[in-house]
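Heads up, the thing below is written out as structure tokens.
The values are calculated or read from the model by the stated rules, or taken from the named source; none is laboratory data. Since we're looking at a predicted model, the values are computed, not measured. In this analysis, Cβ positions are derived from the backbone assuming ideal geometry, glycine residues included, and neighbour counts consider all displayed protein chains.
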Amino acid sequence: MNATPLSMIPHVYGKHALVSRVNGYNIIHLDNPSEKEIRNRIQEVLSGKINADFDDDCPLCRSLRGHPCDIVYDKQ
């Protein structure tokens, strides 16, 4: 599984999706975050913390760990 190609982002997440591409990951911001929150999310990817957040008991999480993918923050 890989990150969605940038040309496909509008088709997958909508034409207003805000994307930060970091180390092969697509951070998809659908929740209208502040600039500070976007910087924090980027820093999590750069520091490798994003891989530590995957659940060890989840087969999907285990398969995604260490592989660039889409990280989606949606409205709650």
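A few comments on the model shown:
- If you go through the range 23-64 and keep only what is among the small types (Gly, Ala, Ser) and modelled with pLDDT of 95 or more, you end up with just Ser34.
- Applying the condition of being touching a residue at least 24 places away in the same chain (Cβ under 8 Å) and of a type in the set (Ser, Thr, Tyr) to the range 24-76 and asking which residue is surrounded by the fewest Cβ atoms within 10 Å (Cβ to Cβ) yields Ser63.
- Subset of the range 65-76 (residues that are modelled with pLDDT under 75 and within 24 Å of His16 (Cα to Cα)): Gln76
- Condition check for Arg21: surrounded by 12 or more Cβ atoms within 10 Å (Cβ to Cβ), more than 9 Å from the chain's Cα centre (by Cα) and either more than 23 Å from Leu6 (Cβ to Cβ) or basic (Lys, Arg) (or both): no
- Checked against the criterion of being modelled with pLDDT under 90, surrounded by fewer than 16 Cβ atoms within 10 Å (Cβ to Cβ) and not aliphatic (A, V, I, L, M), the range 1-14 contains one or more residues that satisfy it.
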